[in-house]
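Okay, so here's the structure we're looking at.
The values are calculated or read from the model by the stated rules, or taken from the named source; none is laboratory data. Remember, predicted model here, so these are calculated numbers, not experimental data. As a convention, Cβ positions derive from the backbone with ideal geometry for all residues, glycine included, and neighbour counts pool all protein chains shown. Heads up: the accessible areas ignore ligands, DNA and RNA and are worked out on the full protein's heavy atoms, side chains in. Shrake-Rupley method; radii C 1.70, N 1.55, O 1.52, S 1.80 Å.
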Amino acid sequence: MKLLMCPPLYYGIEREINPRMSRSHQSNPQLAQEQWRALYRILEDHLGAEIALLEPRKGLPDMVFTASAGLVWGNKFIASNFRHEARRGEAPFFDNWFQVRGYEIFYLPEENFFEGEGDLLLCGDLFFAGYHIRSGITSRQKVAEILGREILSLELTNEWFYHLDTCFCPLGKGQALFYPAAFASDALKVLEDKIGALIPVPEEEARRFACNAIVVEKNVVMNDGCPQTREKLRALGFSVLETPLSEFIKAGGSAKCLVLKVPHAEKQE
Ligand code: ARG
């Protein structure tokens, strides 16, 4: 498994683009580095991941959240169109990384907001797209055409859970964690209709980003302090690795936001 990560060298809470972020509630740079490195180690040592690194850039503190760079599908890379100006400066660096590695890059029209794997997740063989808060509904059709696949849309209604990967975590075919209060009622119907085993996460654990977990086969890596979710996952046969990510939660991200799956990337130079 290959993942793309970006070290938190210039990470910090500089802008407030989601309700979690407050400049008066700064992250500790030293602790952020340690937490990021611990996550890196778990992924490499326990999950056998091959990790490619993207060079961090000054003035782009959210670049650590590589999941929102875009969507990778085969050798296609659909570049994100960030809703907030604060993140738009990251896009050329993300796009360039894929460009030089020979990916076919797709850009969406400027008015179609799209925030990559933050809002588009595969559960079994079904694509689910979160929209309304970050990605727009208008990007769905274009993304579906590029992927050549149907995409099911899920309206997100709770600003605290602004990306789909903050409230929905596919575990395998027909199985996912979710936080019900993040979705519009139509979206809940779609989830209930399409996913046989939907496992609700309690509010306090959803707020600790229980749904923002990295799932690789029967392994789950997530923020610490989510005991109910951990036990449910264990009962389902998953091995759960917890690692503290408090400094990234201050920016509205956790384990899954910090990685992007890049199945076809060449080895890191
Ligand atoms: N501060 C970042 C933002 O608001 C966090 C991104 C989290 N990424 C994710 N895939 N959910 O955009």
Per the filter on the stretch 51-69, residues in contact (Cβ under 8 Å) with a residue 60 or more places away in the chain and within 15 Å of the ligand (Cβ to nearest atom) are P61, D62, V64, F65, T66, A67, S68, A69
L233 passes all but one of the listed conditions (1) of a type in the set (A, V, I, L, M, F, W, C); (2) assigned to a helix (DSSP H, G or I); (3) open to solvent by 20 Å² or more (accessible area, probe 1.4 Å); the exception is number (3)
Matching residues in the stretch 94-126 (among the hydrophobic types (A, V, I, L, M, F, W, C), open to solvent by 10 Å² or more (accessible area, probe 1.4 Å) and either without any contact (Cβ under 8 Å) to a residue 12 or more places away in the chain or away from the ligand (no atom under 15 Å from the Cβ) (or both)) number 6
Taking the stretch 209-229 and keeping only residues that are closer than 22 Å to A129 by Cα and open to solvent by 40 Å² or more (accessible area, probe 1.4 Å), one is left with E217
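In the stretch 122-160, how many residues are touching a Pro at 6+ places or on another chain (Cβ under 7 Å) and within 20 Å of Y103 (Cβ to Cβ)?
The initial filter retains those residues of the stretch 122-160 that are touching a Pro at 6+ places or on another chain (Cβ under 7 Å), namely 122-123, 159-160.
Adding the requirement that they be within 20 Å of Y103 (Cβ to Cβ) leaves 122.
Residues in the stretch 122-160 being touching a Pro at 6+ places or on another chain (Cβ under 7 Å) and within 20 Å of Y103 (Cβ to Cβ): 1 in total.
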It is to be established whether one or more residues within the stretch 109-117 are closer than 23 Å to I195 by Cα and in contact with a Lys or Arg (Cβ under 7 Å, 6 or more places away or on another chain). no
The correct count of residues that are open to solvent by 10 Å² or more (accessible area, probe 1.4 Å) and within 15 Å of the ligand (Cβ to nearest atom) in the stretch 137-162 is 4
Scanning the stretch 204-231 for residues that are within 14 Å of L245 (Cβ to Cβ), within 16 Å of the ligand (Cβ to nearest atom) and touching a Pro at 6+ places or on another chain (Cβ under 9 Å) gives A210, N223
By residue number, the members of the stretch 185-202 that are open to solvent by less than 90 Å² (accessible area, probe 1.4 Å), outside any strand (DSSP E or B) and either out of contact with any strand residue (DSSP E or B) (no Cβ under 8 Å at 6 or more places or on another chain) or farther than 18 Å from E150 by Cα (or both) are S185, L188, G196, V201, P202
Being within 21 Å of A213 (Cα to Cα) and of a type outside the set (S, T, N, Q) narrows E115, E85, E104, E55 down to just E115
Residue hits (the stretch 11-37; within 21 Å of P244 (Cβ to Cβ) and open to solvent by 40 Å² or more (accessible area, probe 1.4 Å)) are H25, Q26, N28, P29, Q30, L31, Q33, E34, R37
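Within the stretch 74-88, identify whether any single residue is farther than 23 Å from E111 by Cβ and either buried (at least 17 other Cβ atoms within 10 Å of the Cβ) or within 14 Å of the ligand (Cβ to nearest atom) (or both), and answer yes or no.
So the first thing to find is which residues in the stretch 74-88 are farther than 23 Å from E111 by Cβ, and the list is 74-75.
Filter once more, so that each one left must be either buried (at least 17 other Cβ atoms within 10 Å of the Cβ) or within 14 Å of the ligand (Cβ to nearest atom) (or both): none.
No: the stretch 74-88 contains no residue that is farther than 23 Å from E111 by Cβ and either buried (at least 17 other Cβ atoms within 10 Å of the Cβ) or within 14 Å of the ligand (Cβ to nearest atom) (or both).
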Taking the stretch 229-269 and keeping only residues that are at pLDDT below 95 and over 16 Å from the mean Cα position of the chain (by Cα), one is left with H264, A265, E266, K267, Q268, E269
